[in-house]
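The values are calculated or read from the model by the stated rules, or taken from the named source; none is laboratory data. All values reported here derive from a predicted model rather than from experimental measurement. Cβ: placed from backbone, ideal geometry, glycine included. Neighbour counts: every protein chain shown. Keep in mind that these areas ignore ligands, DNA and RNA; they rest on the heavy atoms of the full protein, side chains included. Shrake-Rupley method; radii C 1.70, N 1.55, O 1.52, S 1.80 Å.
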Amino acid sequence: MKYKLSIFRFKKFGLFYILFFFILTIFFVPVVYVKAQTVTNISVKTAYNMINDNIQYPDLIILDVREQSEYEENPLCDAILIPVSSIDERISELEPFKDTEIIVYLRSGRRSATASQNLVINHNFTKI
(Lines give C-alpha, C1' and ligand atoms only; values in the text may rest on other atoms or scores of the structure.)
Protein backbone atom coordinates (compact mmCIF):
# COMPACT_ATOMS: atom_id res chain seq x y z
CA MET A 1 0.00 0.00 0.00
CA LYS A 2 2.81 2.43 0.83
CA TYR A 3 4.40 1.61 -2.52
CA LYS A 4 1.24 2.55 -4.41
CA LEU A 5 0.89 5.81 -2.49
CA SER A 6 4.47 6.87 -3.31
CA ILE A 7 3.87 6.19 -7.03
CA PHE A 8 0.69 8.26 -6.89
CA ARG A 9 2.58 11.14 -5.22
CA PHE A 10 5.33 10.89 -7.85
CA LYS A 11 2.78 11.05 -10.66
CA LYS A 12 0.99 13.94 -8.98
CA PHE A 13 4.18 15.96 -8.42
CA GLY A 14 5.70 14.85 -11.75
CA LEU A 15 2.71 16.30 -13.57
CA PHE A 16 3.07 19.48 -11.52
CA TYR A 17 6.77 19.81 -12.48
CA ILE A 18 6.08 19.15 -16.16
CA LEU A 19 3.34 21.79 -16.18
CA PHE A 20 5.58 24.21 -14.26
CA PHE A 21 8.46 23.84 -16.75
CA PHE A 22 6.08 24.14 -19.70
CA ILE A 23 4.70 27.44 -18.41
CA LEU A 24 8.21 28.63 -17.62
CA THR A 25 9.42 27.96 -21.15
CA ILE A 26 6.48 29.85 -22.65
CA PHE A 27 7.51 33.01 -20.79
CA PHE A 28 11.20 32.71 -21.65
CA VAL A 29 11.01 31.77 -25.31
CA PRO A 30 12.78 34.52 -27.26
CA VAL A 31 10.53 36.79 -29.26
CA VAL A 32 11.44 37.02 -32.93
CA TYR A 33 10.60 40.20 -34.77
CA VAL A 34 9.88 39.88 -38.47
CA LYS A 35 10.53 42.85 -40.66
CA ALA A 36 7.71 43.68 -43.03
CA GLN A 37 8.31 43.08 -46.70
CA THR A 38 9.14 46.34 -48.44
CA VAL A 39 10.06 45.07 -51.90
CA THR A 40 7.23 45.30 -54.40
CA ASN A 41 7.41 43.93 -57.92
CA ILE A 42 5.89 46.34 -60.41
CA SER A 43 5.15 46.22 -64.12
CA VAL A 44 6.83 48.38 -66.73
CA LYS A 45 3.59 50.34 -67.06
CA THR A 46 3.48 51.03 -63.30
CA ALA A 47 7.14 52.11 -63.34
CA TYR A 48 6.42 54.42 -66.28
CA ASN A 49 3.45 55.95 -64.47
CA MET A 50 5.49 56.43 -61.27
CA ILE A 51 8.32 58.12 -63.19
CA ASN A 52 5.87 60.52 -64.84
CA ASP A 53 3.90 61.33 -61.67
CA ASN A 54 5.96 64.08 -60.04
CA ILE A 55 3.15 64.93 -57.66
CA GLN A 56 2.75 61.53 -56.00
CA TYR A 57 6.45 60.54 -56.37
CA PRO A 58 8.41 63.80 -56.28
CA ASP A 59 11.58 62.19 -54.93
CA LEU A 60 11.48 58.93 -56.88
CA ILE A 61 14.90 57.35 -57.43
CA ILE A 62 15.72 55.04 -60.33
CA LEU A 63 18.57 52.73 -59.42
CA ASP A 64 20.20 50.99 -62.37
CA VAL A 65 22.08 47.91 -61.11
CA ARG A 66 23.53 46.83 -64.46
CA GLU A 67 27.26 46.68 -65.07
CA GLN A 68 28.94 49.71 -66.69
CA SER A 69 29.23 47.96 -70.08
CA GLU A 70 25.50 47.12 -70.08
CA TYR A 71 24.66 50.70 -69.14
CA GLU A 72 26.81 52.12 -71.95
CA GLU A 73 24.90 50.04 -74.52
CA ASN A 74 21.57 51.50 -73.45
CA PRO A 75 21.80 54.28 -70.83
CA LEU A 76 18.79 54.96 -68.64
CA CYS A 77 18.06 58.68 -68.31
CA ASP A 78 18.15 60.16 -64.79
CA ALA A 79 19.13 56.85 -63.18
CA ILE A 80 21.80 56.29 -60.55
CA LEU A 81 24.14 53.60 -61.84
CA ILE A 82 25.44 51.33 -59.10
CA PRO A 83 26.18 47.80 -60.27
CA VAL A 84 24.70 45.13 -58.02
CA SER A 85 28.20 43.97 -57.10
CA SER A 86 29.06 47.47 -55.81
CA ILE A 87 25.99 48.30 -53.76
CA ASP A 88 27.54 47.47 -50.39
CA GLU A 89 30.65 49.52 -51.19
CA ARG A 90 28.66 52.51 -52.45
CA ILE A 91 25.73 52.38 -50.02
CA SER A 92 26.56 55.87 -48.73
CA GLU A 93 25.32 57.29 -52.06
CA LEU A 94 21.88 55.79 -51.38
CA GLU A 95 21.63 56.41 -47.62
CA PRO A 96 19.73 59.74 -48.00
CA PHE A 97 16.99 57.83 -49.85
CA LYS A 98 16.21 55.12 -47.25
CA ASP A 99 12.54 56.10 -47.02
CA THR A 100 12.07 57.21 -50.62
CA GLU A 101 10.52 55.14 -53.40
CA ILE A 102 13.28 53.46 -55.39
CA ILE A 103 12.76 51.63 -58.66
CA VAL A 104 15.55 49.10 -59.09
CA TYR A 105 16.17 48.48 -62.77
CA LEU A 106 17.86 45.66 -64.62
CA ARG A 107 17.35 44.04 -67.98
CA SER A 108 16.23 40.59 -66.79
CA GLY A 109 15.25 41.01 -63.14
CA ARG A 110 17.28 38.39 -61.28
CA ARG A 111 20.06 40.76 -60.18
CA SER A 112 17.56 43.53 -59.45
CA ALA A 113 15.75 41.19 -57.06
CA THR A 114 19.09 40.42 -55.37
CA ALA A 115 19.90 44.12 -55.12
CA SER A 116 16.42 44.94 -53.78
CA GLN A 117 16.60 42.28 -51.07
CA ASN A 118 20.09 43.48 -50.14
CA LEU A 119 18.85 47.06 -49.71
CA VAL A 120 15.93 45.98 -47.55
CA ILE A 121 17.52 43.26 -45.43
CA ASN A 122 21.06 44.55 -44.98
CA HIS A 123 20.58 48.32 -45.22
CA ASN A 124 17.00 48.89 -43.94
CA PHE A 125 15.53 50.60 -46.99
CA THR A 126 11.75 50.80 -46.81
CA LYS A 127 10.28 51.46 -50.30
CA ILE A 128 11.98 49.38 -52.95
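Some points to look at:
- Screening segment 43-68 for residues that are under 24 Å from the mean Cα position of the chain (by Cα) and among the hydroxyl-bearing types (Ser, Thr, Tyr) and picking the one that is surrounded by the most Cβ atoms within 10 Å (Cβ to Cβ) gives Tyr57.
- Pairing each residue of segment 110-128 that is of a type outside the set (D, E, K, R) with any residue that is open to solvent by 70 Å² or more (accessible area, probe 1.4 Å), provided the two are 6+ apart or on different chains, yields C-beta distances under 7 Å for Ser112/Tyr105; Thr126/Asp99.
- Among the residues of segment 75-96, not a single one is modelled with pLDDT under 65, within 21 Å of the chain's Cα centre (by Cα) and open to solvent by less than 90 Å² (accessible area, probe 1.4 Å).
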